[in-house]
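What follows is a short report on a single structure.
No value in this document is a laboratory result; all are computed from the given coordinates. What you are looking at is a predicted structure, and each value in this text was computed from that prediction instead of being measured. Virtual Cβ from ideal backbone geometry, glycine too; neighbours counted across all protein chains shown.
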Amino acid sequence: MAEAETWPEVELAEREKRRELLLTGPKLDERVRAAGGRLPPRLFTLPLLHCLEVSGCGSLREPGPGLAQGLPQLHSLVLQRNALGPSLSPELGPLPALRVLDLSGNALEELPPGRGLGPAEPPGLPQLQSLNLSGNRLRELPADLACCAPRLQTLNLTGNCLYSFPAALFRPGALPLLSELAAADNRLRELSPDIVHLASLKTLDLSNNQLTAIPAELADCPKLKEVNFRGNQLKDKRLEKMVHGCQTKSILEYLRVGGRGCSKGRGKATGSEKEEGRRKDREQKQKEGSEEGTEETEAACRLLLRVLQASESPAPVTVSVSPEVKDVRPYIVGAVVRGMDLQAGNALRRFLSSQTQLHEDMCERRTAATIATHDLSAVKGPLLYEARHPRALKIIPLGRREARAKDLVRQLQLEAKEQRKQKKRQNISGLHRYLHLLDGKENYPCLVDAEGDVISFPPITNSEKTKIKKTTSDLFLEVTSDASLQICKDVMDALILRMAEINKYALENKEGEPVSDSRADAVAGQPPGPEAGQSAREGGCAALVVEQVRVVDLAGGLKVLYPSRMDLKGAAAHVTVLR
């Protein structure tokens, strides 16, 4: 009973019959350490629990016995950023109702039978759909993974030490529902042609490995829509260039007709004399030193970013930083991007989704950094980044009426409480997820335009005044952080790169009818400026213009200039940056 008294969240969940429980924070680390590096047995006496998350605990080395027996209705188990490892003892399963399992960011080195995910016969995780093992130290996957979780749809293995996939993973019918496979940043040396047996595969990310060839059989995956092989050492140099910029359709077509760097398989013997003749013609042209085909491929695939220095911009944007933000949220980086086409197809949706993904992953749910994007035409510079008291900070939040920060936070807190009450869960969605980032702060950070309007209140929301619309072509971007300036730059690099990829995709699919957007219908539809359209098609490429933004102190002294010559370096492999 003494142990149970130190876990008030567990008692509250039991008393209110909650279906969701979240355990995190510095006090959790102390209590887990006192419990011997495991969770308390009392936790495994909540049979109504559907969702359990225990994250950010450096003392948690094993979940503890009794989890499978005590939580039979568990649907989601998140044990991320702890210290689980080198294996799981005892094994997690059987968990008959589990659909989501997140073990990312731990110290797992192996998952053998008895100390892994669960039994293979009968399946320990029969309903599991999503498995995240990224950010561990796994050298190999359990050979019986497909038997343990036969209904798996998403498998994330990014950031481990894998040299190969187990053969059983690609056995015919082993994982008939698997649609997403991510194994970037490992040590994979080869990809088996048997991957063709993943009949539902839609997305494959094997970037930053040690692959030298791609099997031609990959082109036979019937539903494959997106591949990423960047950062490998492919022997076929033409294919190497294609994976750094071309669409998946072009890459698969190249494999289908037997690119010379493909693994042995169907591509080596098509059975068609016509295709064989074409292949020989290509090889002969390559022997003769013809660069025409390669040049065409490069022109079709490359993404182009043109950096315009602040001195070259007719109306440069400058952000002045008040010293009061030093103790609140001290780091900010800005950039202007011109030439985006958000009207074609679902470009706007893809753009907003990319921000959400960056917030979840690279920004660590906004705890490391926060992105804000604005319609440049509505931004009145120069801008001021300062800290204000919650009663003095007024903003028109996205989709809401004007409110003071204090009232907005109070309203969000009430909404969060109502969410928990209605769903009987501890986790919440939307802006409510980030309220805890303001805990203990006497002043809140904000970005103010020349008219005195707050256009950004990080890490919570932007202003309705500068909201992105389908008709937006020129954008002002900002990234703020209380962790470091470098994370701001890294996130900004990633955001601009994704914008270039989205813009290229939108231009290549221009013939598609734009999806209707009620928000766009509500504004006066003005087409992008002529200079944006010209830059976006310069040289037949998807070009964006990135204008430098200066961040200065109140005396005018330079603090940050982005992008500098040291920025956007990581994009050089598949993006041409003209400075």
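For residue 224, what residues show an amide H to amide H distance below 5 Å, using hydrogens built from the backbone and excluding near sequence neighbours?
Those lying under 5 Å, H to H, from residue 224: there are none.
Where Lys and Arg each count +1 and Asp and Glu each count -1, what net charge lies around residue 167 among other residues with Cβ under 13 Å from its Cβ?
In short, -3.
Amide H neighbours of residue 320 under 5 Å, at least 5 residues apart or on other chains, H built in the peptide plane: list them.
Placed amide hydrogens put 383, 384, 385, 552 under 5 Å from residue 320.
In whole Hz and in residue order, list the ³J(HN,Hα) couplings for segment 220-232 that follow from phi through the Karplus curve 6.51 cos²θ - 1.76 cosθ + 1.60, θ = phi - 60°; x for Gly and Pro.
Each residue's phi maps through the Karplus curve to give 8, 5, x, 10, 5, 10, 8, 10, 9, 10, 5, x, 9 Hz.
Here is the link list: 241/470; 421/469; 249/489; 467/559. Which ones come out longer than 30 Å on Cα distance?
Correct reply: 241/470; 421/469; 249/489.
Got a sec to turn the phi values of segment 483-494 into Karplus ³J(HN,Hα) couplings, 6.51 cos²θ - 1.76 cosθ + 1.60 with θ = phi - 60°, whole Hz, x for Gly and Pro?
9, 6, 6, 5, 5, 4, 5, 4, 5, 5, 4, 5
If I stretch the segment between residue 565 and residue 87 completely, what's the gain in nm (0.36 nm per residue apart, minus their alpha carbon distance), one decimal?
Computed gain between residue 565 and residue 87 is 167.7 nm.
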